[in-house]
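> If you scroll down you'll find the structure; I have some questions about it.
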Amino acid sequence: MTDRRDAPIVVLFGGPSAEHDVSVVSGTAIHAALADAGHAVEPTYIDLDGRWWRLPAGHRREDRPAAAYDDPAALGATGPETLYEAVGALAVRDPAPVVFIALHGPFGEDGTMQAVLEAAGLAYTGSGVAASALGMDKALFKRMCRGLGLPVMDWREVRADRWAADPDGVAGEMAAFAAGGGDPRLMVKPARLGSSVGMTLVHAPEELGPALDLAFGFDTLALVETYLPEARDLEVSIIGNDPAAIEVFGPGEIISGHEFYDYEAKYTPGLSESSTHAEVPERDRAVLRKLARDAYRAIAAEGFARVDFLVAGDRIVLSEINTIPGFTPISLFPTMPAEAGLSFIDVCERIIDLAVDRHATRPNAHLASTDLPR
């Protein structure tokens, strides 16, 4: 396997997305683990305006809130640079660094950053452009899963312009949709966002309007899903490039401190509980792992991902795939592999190895036209 110590590692975190603060927590945890293990790591913060800042190698977040990064210069960061300046500078370095993408949400997880790094010829962690875009777009992902016969909650898609033009018509359609689902509650969420940002559990028709307005504050497309009562939130971790040799860990379980696993329940310390080993029958464990593999392979994911499920009784439903899941020392994605003897730093290093190995096998996409067969 390629020696990952041959090149420095640039960890990207922050970013111009509603998941900015979560990314700060993930990225600083990854940077600290790699640096403490002896790697040459360069923490790079991207602010909400998309500007790049280089933090000192010895920087640690410690107990600073994510808001402390609103003033990166006060943390000793140098910059800012534009995206083009920063990526261009990385591309001409020798050796070129490996980029560990710890950006959540649009810009970092949806294929945008992957496309930029791909064009620059840089090795980067995680999935490529197409898989990242499919994983981020819940509507496209659900359509693909349904087409493949994978179990998903029934849903409807609502565009912001349709809602603005015909709110009564949309409300009537959603009321009929809820009535046909067996439970009056509906889950409303932005189609292309994560971390439960902009999500609302609607209990009655009068709550639909505010829920859609909230979702449209983050995206132009909203998903309205039927609700699965008394469902457990289970998660599976996957690591690997080769579809035939991926490693699957879990399932783990989240026990939410709220009615559903919303942003506050996810990120308020002590509000929710988690377990790296969910107590489920062995048959269900096998089904969950198989469905996770199927979803990972379906979008052609690479590197790593977390696949989320809802489980109620005998019913198992595929919820979503996260191609850059939360990556803190208490997040389920990097901690579930502990059952196989992999520590947090082991997981980080394996993901870097996979990025380097994939990059080494890429065909030369920068051949001059005169070098192509005629």
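The values are calculated or read from the model by the stated rules, or taken from the named source; none is laboratory data. Model, not experiment: these values are computed from the prediction. Positions of Cβ are backbone-derived with ideal geometry, glycine not excepted, and every protein chain shown enters the neighbour counts. Note: accessible area is taken over every heavy atom of the protein model, side chains too, but ligands, DNA and RNA are not part of it. Shrake-Rupley method; radii C 1.70, N 1.55, O 1.52, S 1.80 Å.
> If you check every pair at least six apart or on different chains, which have Cβ atoms under 7 Å apart with a residue in the stretch 283-310 that is farther than 27 Å from residue 114 by Cα first and a residue that is of a type in the set (D, E, K, R) second?
From the stretch 283-310, the pairs are 310/233.
> Looking only at the stretch 158-186, which residues are open to solvent by 20 Å² or more (accessible area, probe 1.4 Å), of a type in the set (A, V, I, L, M) and modelled with pLDDT of 90 or more?
Within the stretch 158-186, 160, 164, 165, 171, 175, 176 qualify.
> Can you pull out the residues in the stretch 303-355 that are part of a helix (DSSP H, G or I) and either open to solvent by 20 Å² or more (accessible area, probe 1.4 Å) or among the aromatic types (Phe, Trp, Tyr) (or both)?
Answer for the stretch 303-355, where residues must be part of a helix (DSSP H, G or I) and either open to solvent by 20 Å² or more (accessible area, probe 1.4 Å) or among the aromatic types (Phe, Trp, Tyr) (or both): 333, 335, 338, 339, 340, 344, 345, 346, 349, 350, 354.
> Exactly one of these conditions fails for residue 34: (1) among the aliphatic types (A, V, I, L, M); (2) open to solvent by 10 Å² or more (accessible area, probe 1.4 Å); (3) more than 18 Å from residue 76 (Cα to Cα). Give me its number.
For residue 34, the exception is condition (2).
> Still on this structure: Specify which of the listed residues (11, 22, 41) is closer than 26 Å to residue 190 by Cβ and under 23 Å from the mean Cα position of the chain (by Cα).
22
> Examine the stretch 188-208 for a residue that is touching a helix residue (DSSP H, G or I) at 6+ places or on another chain (Cβ under 9 Å), at pLDDT below 95 and exposed (fewer than 15 other Cβ atoms within 10 Å of the Cβ), and state whether such a residue exists.
yes
> May I ask you to say which residue of 62, 109, 85, 118 is open to solvent by 30 Å² or more (accessible area, probe 1.4 Å) and within 19 Å of residue 351 (Cα to Cα)?
Residue meeting the stated conditions: 118.
> Still on this model: List every residue pair whose Cβ atoms lie under 7 Å apart, where the two residues are 6 or more positions apart in sequence or sit on different chains, the first residue falls within the stretch 159-187 and is farther than 16 Å from residue 220 by Cβ, and the second residue, located anywhere, is open to solvent by 40 Å² or more (accessible area, probe 1.4 Å) and assigned to a helix (DSSP H, G or I).
Filtered contacts from the stretch 159-187: 171/205; 175/205.
> Since residue 44 meets every condition but one in (1) in contact with a Gly (Cβ under 8 Å, 6 or more places away or on another chain); (2) assigned to a strand (DSSP E or B), which condition does it not meet?
So residue 44 meets the others, but not (1).
> Can you tell me which residues in the stretch 62-89 are more than 11 Å from residue 51 (Cα to Cα) and assigned to a helix (DSSP H, G or I)?
Passing the criteria: 66, 67, 68, 69, 70, 73, 74, 75, 87, 88, 89.
> Right, something else. Going by the structure shown, is residue 278 buried (at least 18 other Cβ atoms within 10 Å of the Cβ) and modelled with pLDDT of 90 or more?
In short, yes.
> So, in the stretch 106-116, how many residues would count as being in a helix (DSSP H, G or I), touching a Phe, Trp or Tyr at 6+ places or on another chain (Cβ under 9 Å) and under 19 Å from residue 325 (Cβ atoms)?
Number satisfying all stated conditions: 2.
> Under the condition of being part of a helix (DSSP H, G or I) and hydrophobic (A, V, I, L, M, F, W, C), which residue from the stretch 356-374 is modelled with the highest pLDDT?
Checking each candidate, the answer is 356.
> Is there a residue in the stretch 240-251 that is modelled with pLDDT under 95 and at positive phi?
Checked against the condition, which is being modelled with pLDDT under 95 and at positive phi, the stretch 240-251 yields at least one hit.
> In addition: Of the residues 57, 32, 119, which is aliphatic (A, V, I, L, M), in contact with an Asp or Glu (Cβ under 8 Å, 6 or more places away or on another chain) and free of Cβ contacts under 8 Å to residues at least 60 places away in the same chain?
When all the criteria are applied, what remains is 57.
> Quick check on this structure: which one of 126, 135 is surrounded by 22 or more Cβ atoms within 10 Å (Cβ to Cβ), in contact with a strand residue (DSSP E or B) (Cβ under 7 Å, 6 or more places away or on another chain), modelled with pLDDT of 95 or more and closer than 18 Å to residue 41 by Cβ?
It is 126.
Quick grid of which residues meet (1) at pLDDT below 95; (2) surrounded by fewer than 22 Cβ atoms within 10 Å (Cβ to Cβ); (3) more than 15 Å from residue 345 (Cβ to Cβ):
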| position | (1), (2), (3) |
| --- | --- |
| 3 | yes, yes, yes |
| 18 | yes, yes, yes |
| 21 | yes, yes, yes |
| 24 | no, no, yes |
| 28 | no, no, no |
| 43 | no, no, yes |
| 46 | no, no, yes |
| 51 | no, yes, yes |
